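Everything below concerns the one structure shown next.
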Amino acid sequence: MSYRKFSLTKKLALLILIASMVSGLSFLVMQAASDELIDRHLETETYFKQQSSKYIEKFAHYVAVHGLSSMDRDAFAAWTKNEKIILLTIYKDQVLQFDSVYTAEDESAYGVEAESQYARKHSSPVLFSDGQGDVIIDGFFEARFYDIAFALEILAASALFLAIVLMGIRRSLIYLRTIHEEIHILEGGELEYGMTIRGHDELAMIAESVEELRKAFLGKLLAIEGLQAESRSLVTEMSHDMRTPLTSLIMYLEFAKREQHQPSGEASSYIANAYAKALQLKNLSDNLFAYFLLDKEQEAELETIPVHEAIYDLMSDLVGVLRQEQFQINLTGELPDAYITVNMENLSRVFDNLLSNLLKYADPRDEIGISFVSNQEVFEIHIRNTIKAADAALDSTMLGEKIVAKMMLHMLGQFTSTSDGITYRTVLRFWNTKLQ
């Protein structure tokens, strides 16, 4: 399984952090640029005078429409509050009558405080109902532009933040969609299609788990298909191998039936041949059942024991029986001082099968060679024999060999055989085991 370097939560947190830093920095850059632009074009005396004159005209219109006198301070406060961004100062007869920045405690200055030189210079005349007065209007005329720029900067930074987050999430969403599509492909039976594994987060772990499941399921299907093909092949070969002895058996029995009136010696020969063919059929059927029952048996318990303890008695019995049957044995090599992992019951069955094959197919006129070969990793038993001329064509099913190969595989070993039509060689291979 992939090592999860970044979980989706960590990725999202990192993505939000990066988006926040980028959008925040962008906001600061845009704000500095907009402030510089506003200051350059709006923070000028010309613009200030233009805006001040505009508001003075507007105030004069307000006074005329409502017939206000220079003493209508509540009306002036209401107008100033409505305009929001201006400061209004009114003088009448060179005496202060209203100032929008004054509080209630400062109102005692009204009608008393004299008009300053600065006020006379920067004021504009406005006609009130009680005569002409001097009006000064100051204001934060560029403030609305700062507000508009600030709002646009917030919107732009937020849009940039969302764009970065969505772009980061989009990659994971695309990968999730890919996993969804690939799972649908697997659901359709396309088990050869591999899952896309990208990254080290939870999505990658899900994809890798599905991939491992796909491989395991595909392996089981291939194994089942292999067993089915092997079974079909065995049935076909068995039907061919059993047909020949069965035909001969029927023929011999018919001869025995017809020759009942002839000397009993010839009839006995027919009966003996029929008996031999019957035994051949029995051996074929026994091997067939043994082969298929191997997979259904419970897995044998393995044990690690010395080579001498595992092999010596079985090899002694095999050599003893062969010599008793007049076979010449050439035994070379020595049993190593090593350990192998076996199941003694299965190992005994392996040697029984080897003995049966030697008795059946080995030519007693030539010696049987048995040698022990070992190194630090493996221990091998090599068996070589000459094939009897009458049995040069061995059973096409080779069931005995397949049974031995399966039992050796169950014991973590290997079985191999070769034949050139004259000499038959087999190898039993065991892996040396180190005791813990």
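Values computed for the structure shown
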| read-out | value |
| --- | --- |
| Contacts under 8 angstrom Cβ, first residue in segment 205-216 being closer than 14 Å to residue 182 by Cα, partner of a type in the set (Lys, Arg), 6 or more apart | 207/198 |
| Those residues of segment 90-137 which are over 15 Å from residue 73 (Cα atoms) and small (Gly, Ala, Ser), in sequence order | 114, 116, 119, 123, 124, 131 |
| Segment 168-203, residues that are among the small types (Gly, Ala, Ser) and farther than 21 Å from residue 16 by Cβ | 188, 189, 194 |
| Total residues in segment 72-105, condition in contact with a strand residue (DSSP E or B) (Cβ under 7 Å, 6 or more places away or on another chain) and either surrounded by 17 or more Cβ atoms within 10 Å (Cβ to Cβ) or among the β-branched types (Val, Ile, Thr) (or both) | 16 |
| Number of positions in segment 349-371 that are small (Gly, Ala, Ser) and either at pLDDT below 90 or not assigned by TED's automatic domain parsing to the domain that holds residue 416 (or both) | 1 |
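The values are calculated or read from the model by the stated rules, or taken from the named source; none is laboratory data. Predicted model, so just to flag it, every value in this text is computed and none were measured. Note: ideal-geometry Cβ built from the backbone for every residue, glycine included; neighbour counts use all protein chains shown.
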